[in-house]
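> Pasting a structure here, questions to come.
Nothing in this text is a laboratory measurement; each read-out follows from the coordinates by a stated rule. Small disclaimer: the values here were computed from a predicted structure and weren't measured. Here the Cβ is made from the backbone with ideal geometry for all residues, glycine too, and neighbour counts use every protein chain on show.
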Amino acid sequence: MNPPIIHWFRRDLRRADNPALSASLGRPVLGVFIWEEGQAQARPAASIRPMGGAAKWRLLRGLEALEADLRRDGINLVMARGEALPILGSIAGSIGARSICANRIPEPDAQDEETILGAALAEAGLELVLHDSALLFPPPADPAGESRFRRSFSGFARAAQIAASRISSPAGRPELQPFVLPLGKSLPKIRPLVATDLYRGVPDWAAGFDARDCGEAAALARWRRFLENGLATYADRRDAIDGEGGSGLSAHLHWGEISVHRLWTDLANLVHRPELAAGSEKFTSELLWREFSHHALAHCPDMADAPLQPDFGRFPWREAPAEYDAWRHGQTGYPIIDALMRCLWQTGRMSNRGRMIGASFLTKHLLIDWRRGESWFWNCLLDASAATNPFSWQWVAGCGVDAAPFFRIFNPVLQSGKFDPDGSFIRKFVPELAALPTAFIHHPWTAPATLLTQAGIRLGRDYPLPMVDHSFARQRALDAFASLRKTGS
Ligand SMILES: Cc1cc2nc3c(=O)[nH]c(=O)nc-3n(C[C@H](O)[C@H](O)[C@H](O)COP(=O)(O)OP(=O)(O)OC[C@H]3O[C@@H](n4cnc5c(N)ncnc54)[C@H](O)[C@@H]3O)c2cc1C
């Protein structure tokens, strides 16, 4: 009989289209997940960024869904807490496995760790077989197979389109053979992962998170719905402020509950549907932005700390803790900003347009360092990504690669009117303004006193006055940018 194999689940919480799992075909499989955070400070990878609170909540839901799915086919998922090396070694020893299969995590510090772990397991006579599945074009090579850092998205995307024929087809859902522990044998004593391991230090704010939208089945259902109802209008609707114009797949993609190869292949198979062409093209481009941000991280591993344009190291960011708090808690006095920030806190999600408006307000209207905003998003987002989050913050702040120029400063009132024209998003998340007519919902400080009274609002008491004047803030930001240019010359 073939020896059993361990599938080490990491950021690939799915059965279908999982190359490492397919590689176990024909051998009894035992699933293992290891929560390593806070372990072994001596490891080089101890620098791996501690996970944010919302992401921990999301991980646990994803694991629960995966465990239930595997259990239906008699496959066990051992969830442990501790260091990967001794845990994998002792489980392999106790079940007689010689191979451990896993999918790579495409982040530089995780990859350093994989190399060290692979060597240590080899010394113990175990083979660690790693596959690539999180990205279409695993870094550090670019889609053309070159090792240079491409600083232009259009060049990256062009190379990706040329290389598209190399993208491997997804493998489907393999029939797995469960590993059954022989009678009288037991697994080694390992510390099981329990919810409080993940929740320790995390405030209980997750009541509004959608627990049903977690796991592989939810991801596939979402993708099918999007193909049927969302793709045709995606190019026009993706900017909807409530995020309903997008696929809503980012957290699923991040946790590997759906394969990006599946998305890419399904889209490629739709070329005969001209009515989907515009949506398909735009969606493909967004997937490539995801790839591009990982490409950037591979070449600039300290992207969450260091601006990709080094000049911005001298930018005169303001220390304004009270203003930062007002932004975080949705108390800026700009209804759209407050709705967005409360939406993030309550749901763990925010639309792409919303993220751009919220990030622009912090970095340009308040001149607060993008790193502060990035770390808040890191803690609150269900899809928090060590590549896409800092990359996008730098993009909005103007210090990233192929970034929006710093002087592109959104007017929050105009953005609000354009992307939430009837004010329904504001009314949902800023209920104190719900009774205000649409004509004033984007700028309540311009409403006549009688109208405010009728709506039951006293500005400054029930809802804040704007914390900064738009024209003043805009000029201050432009002056700050000009000072950077001057000191640089
Ligand atoms: C300040 C800021 C921070 C962000 N932080 C994150 C983050 O931590 N994690 C994250 O996954 N995305 C992040 N994004 C990108 C984007 O906002 C989200 O991916 C998107 O809103 C998710 O919604 P969706 O799944 O409906 O996307 P869709 O519009 O359906 O797009 C499909 C997929 O493409 C990818 N994608 C879409 N837009 C982008 C983009 N601009 N950059 C890179 N990839 C993209 C996502 O994986 C997404 O699921 C950030 C954007 C900004 C401006």
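> Projected onto the charge dipole of the chain (+1 at Lys/Arg Cβ, -1 at Asp/Glu Cβ, origin at the Cα centre), which of V180, F481, C399 gives the Cα projection farthest towards the positive end?
Comparing the listed Cα positions along the dipole, F481 ranks first.
> What angle do you read, to the nearest 10 degrees and between 0 and 90, between the alpha-carbon axis of helix 370-380 and the longest principal axis of the chain?
Taking the Cα atoms of the chain, the angle to 370-380 is about 60 degrees.
> Expressed as a fraction of 2.2 N^0.38 Å, the rule-of-thumb size for a compact globular protein of N residues, what is the C-alpha radius of gyration of the range 320-378? Display every interim value, and only then the final one.
Working: Rg = 10.0 Å, N = 59, 2.2 N^0.38 = 10.4 Å.
The value comes to 0.97.
> Please name which of I368, N411, L60 has its Cα lying farthest along the dipole of the chain towards the positive end, using unit charges on Cβ (Lys, Arg +1; Asp, Glu -1) and the Cα centre as origin.
N411
> Report, in listed order, any pair from K56/K185; K56/K418; K282/K486; K56/K428 with a Cα-Cα distance greater than 29 Å.
On the way: K56/K185 33 Å; K56/K418 34 Å; K282/K486 38 Å; K56/K428 26 Å.
Those over the limit are K56/K185; K56/K418; K282/K486.
> May I ask you to list the residues of the range 362-376 whose amide nitrogen lies under 20 Å from a point 7 Å from Cα along the Cα→beta-carbon direction of D305?
369-376
> For the range 242-293, with only Lys/Arg (+1) and Asp/Glu (-1) charged at the beta-carbon, what is the dipole magnitude about the Cα centre, in debye rounded to 20? All intermediate terms of the calculation are to be shown ahead of the outcome.
Values: 4 positive and 8 negative charges, 35 e Å.
For the range 242-293, the charge dipole is close to 160 debye.
> Going by how many other Cβ atoms sit within 10 Å of their own, how do Y199, Y234, Y334 line up, fewest first? Each step should come with its number before you reach the end.
Details: Y199 15, Y234 20, Y334 29.
Ordered from fewest to most neighbouring Cβ atoms within 10 Å, Y199, Y234, Y334 come out as Y199, Y234, Y334.
> Oh, and also: Compute the Cα gyration tensor for the range 1-132, then decide on rounded, prolate or oblate, letting a ≥ b ≥ c be the square roots of its eigenvalues: rounded whenever a/c is under 1.5, prolate when a/b is larger than b/c in the other cases, and oblate in all that remain. Mind showing how you got there, number by number?
On the way: a/c = 1.67, a/b = 1.13, b/c = 1.48.
Since a/c reaches 1.5 but b/c is at least a/b, the shape of the range 1-132 is classed as oblate.
> Separate question: So what's the angle, to the nearest 10 degrees on a 0 to 90 scale, between helix 153-163 and the longest Cα principal axis of the chain?
Around 30 degrees separate the two axes.
> Okay, next question. Mean residue ellipticity at 222 nm from the helices of the chain, using -39,500 (n - 2.57) per DSSP H segment of n ≥ 4 over the full residue count, to the nearest 500 deg cm²/dmol?
Working: 21 runs with 213 residues, N = 489.
Roughly -13000 deg cm²/dmol at 222 nm, from the helical runs in the chain.
> Let me ask something else. Compute the orientation-averaged projected area for the chain from the convex hull of its Cα atoms and round it to one decimal in nm².
Details: hull surface 101.3 nm².
Result: 25.3 nm².
> Quick one: W345, W393, fewest Cβ neighbours within 10 Å first, how do they rank?
Details: W345 19, W393 26.
Ordered by Cβ neighbours within 10 Å, fewest first: W345, W393.
> Work the Kirkwood hydrodynamic radius out for the range 269-426: mean of 1/r over every pair of different alpha-carbon atoms, inverted, in Å. Walk me through the numbers on the way to the answer.
Working: mean 1/r = 0.0605 Å⁻¹.
About 16.5 Å, per the Kirkwood formula over Cα pairs.
> How do L130, L181, L465 line up, fewest other C-beta atoms within 10 Å first?
Working: L130 19, L181 13, L465 10.
Lowest to highest Cβ neighbour count: L465, L181, L130.
> Would you mind classifying the range 160-263 by shape? Square roots of the alpha carbon gyration tensor eigenvalues, ordered a ≥ b ≥ c; an a/c under 1.5 is rounded, otherwise it is prolate if a/b is larger than b/c and oblate if not.
Oblate shape, in that a/c is at least 1.5 and b/c is the bigger or equal ratio.
> Nothing charged except the Cβ atoms of Lys and Arg (+1) and of Asp and Glu (-1): what's the magnitude of the dipole of the chain about its Cα centre? Round to the nearest 20 debye. Show your work: numbers first, answer last.
Details: 55 positive and 53 negative charges, 62 e Å.
That gives a dipole near 300 debye.
> Something else now. With all pairs of different alpha carbon atoms counted, what Kirkwood hydrodynamic radius in Å does the range 194-317 show? Before the final figure, lay out the partial values.
Details: mean 1/r = 0.0580 Å⁻¹.
Computed over Cα pairs of the range 194-317, the Kirkwood hydrodynamic radius comes out at 17.2 Å.
> Tell me the label-point distance for the pair D422, I162, using the 7 Å Cα-to-Cβ offset, in nm and rounded to one decimal.
Output for this residue pair reads 4.8 nm.
> What residue among A221, A102, W8 has its Cα farthest toward the positive end of the dipole of the chain, where the charges are +1 on Lys, Arg and -1 on Asp, Glu, each on the Cβ?
Farthest towards the positive end: A221.
> To the nearest 20 debye, what charge dipole does the range 310-488 have about its Cα centre, counting +1 at the Cβ of each Lys and Arg and -1 at the Cβ of each Asp and Glu? Display every interim value, and only then the final one.
Numbers: 20 positive and 15 negative charges, 36 e Å.
Magnitude of the dipole: close to 180 debye.
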